[in-house]
Amino acid sequence: PLMNKLRVELTDDRARIILADPPLHILDVAMLESLRDALGDLPAAIPLVIIESEGEKAFSAGASVPDHLGERLGPMLDAFHEALRRLRRLDAITVAKVRGLCLGGGCELALACDFVIASDRAKFGQPEIHLGVFPPVAAWQLARSTHPRKGLELFLTGDAIGAEEAERLGLVNAVLAFEGFDALVEEWLARITRHSRSSLLLAKKAFRLAEADDFEARLSEIERLYRDELVPTADATEGLVAFIEKRKPVWKGR
């Protein structure tokens with residue numbers, strides 16, 4: 001079915017959730033609500049969920065900047081974080097298929113999947129600090145998906161990195177050639193999908209238990225910090241408005 005800026009394709013062996021607002025697939029409230037609903041409506045028996053995007057330029061360049069301001073912030077955060085909670089709860093194995101730019105909320109979405117498979121043209125980063133804010137979900141992800149020192153560096157610099165470096169840091173499972181990417185992804189996935197469906201799903205469940213994962217509790221705490229302490233600062237507003245107005249922010253430090 002076609003949802004708002006998002007398409008879902010179901011077959012017996014997988015669900016494909018395709019971001020469909022090229023070229024950058026900006027995650028505005030409408031797309032995030034569609035993503036949340038799509039993840040909630042997936043059949044329980046689906047063993048594999050792939051999240052990808054139309055076109056070649058970007059997986060997603062991130063959440064909509066205007067949606068971070070005023071009354072739009074609440075609906076945006078609610079839809080995005082509920083979508084990621086639903087993604088995290090899936091029994092199915094989840095895969096982000098990243099061809100190009102994977103930034104901000106797009107990077108958070110990719111890292112929320114069990115596996116991230118990137119083309120050699122992909123770039124990853126959390127540029128939110130340039131706008132005077134931080135990415136709540138990435139705070140949790142970067143502290144766990146890579147060495148905390150490197151995670152904090154990415155978090156505080158806002159720098160984007162190439163696919164090879166992302167793989168070296170543990171953010172990406174595999175870097176495959178841009179040419180023929182779809183077929184190469186299928187070859188990579190076959191190493192997993194050739195096994196028993198029921199065994200795979202139980203094995204994933206066991207691994208999640210072994211992680212002693214507290215994603216939902218931590219995300220609630222980080223979200224409170226974001227909403228109640230960061231958003232009211234003058235610099236958070238200044239950074240977002242400066243981006244929209246295409247000028248350099250003037251930081252006040254409070």
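The values are calculated or read from the model by the stated rules, or taken from the named source; none is laboratory data. Bear in mind the structure is a predicted one, so any value in this text is a computation, not a measurement. Note that we place each Cβ from the backbone using ideal geometry, even for glycine, and neighbour counts take in every protein chain shown. In case anyone asks, the SASA skips ligands and DNA or RNA and just uses the protein heavy atoms, side chains included. Shrake-Rupley method; radii C 1.70, N 1.55, O 1.52, S 1.80 Å.
Key figures for this structure:
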| quantity | calculated |
| --- | --- |
| Contact order normalised by residue count of the chain, Cα under 8 Å, 6+ apart, percent | 16 |
| Overall form of the range 87-223 per C-alpha gyration tensor (a/c, 1.5; a/b vs b/c) | oblate |
| Three-way shape label, the range 1-130, alpha-carbon gyration tensor, a/c 1.5 | oblate |
| Nearest-20 debye value, the chain charge dipole, Cβ charges on Lys, Arg, Asp, Glu | 340 |
| Where only alpha carbons of the chain are counted, the Rg and the Dmax (Å) | 17.7, 57 |
| Carbon + sulfur, % of accessible area of the chain - ligands and nucleic acids excluded, 1.4 Å | 55 |
| Angle in degrees between helix 197-210 and the longest Cα principal axis of the chain, rounded to the nearest 10 | 40 |
| Cα centre as origin, Lys/Arg/Asp/Glu Cβ charges: the range 145-186 dipole, Debye | 320 |
| Calculated log₁₀ intensity ratio I(q)/I(0) where the Debye formula runs over C-alpha points of the range 195-254, q = 0.18, 0.21, 0.23, 0.24 Å⁻¹ | -0.73, -0.85, -0.93, -0.96 |
| Rh by Kirkwood over Cα pairs, then Stokes-Einstein D for the range 10-70 at 0.692 mPa s and 37 °C, µm²/s | 259 |
| Solvent exposure, largest accessible area first (probe 1.4 Å, DNA, RNA and ligands not counted), of F80, F134 | F134, F80 |
| Cα-based reach from K252 at 12 Å (exclusive), listing aspartates and glutamates while leaving out same-chain residues under 8 positions away | D235, E238 |
| The range 131-205: C-alpha gyration tensor shape, a/c 1.5 cut-off, then a/b vs b/c | oblate |
| Nearest-ten-degree value, helix 136-145 long axis tilted from longest Cα axis of the chain | 50 |
| Accessible area per residue in Å² at 1.4 Å probe, computed on the range 1-49 | 44 |
| Surrounding net charge for V8, when Lys and Arg each add one and Asp and Glu each subtract one, Cβ distance under 10 Å | -1 |
| Candidate aspartates and glutamates - alpha carbon under 15 Å from K205, same-chain residues fewer than 8 apart omitted | D91, D114, D213, D214 |
| Cα centre as origin, Lys/Arg/Asp/Glu Cβ charges: the range 55-116 dipole, Debye | 180 |
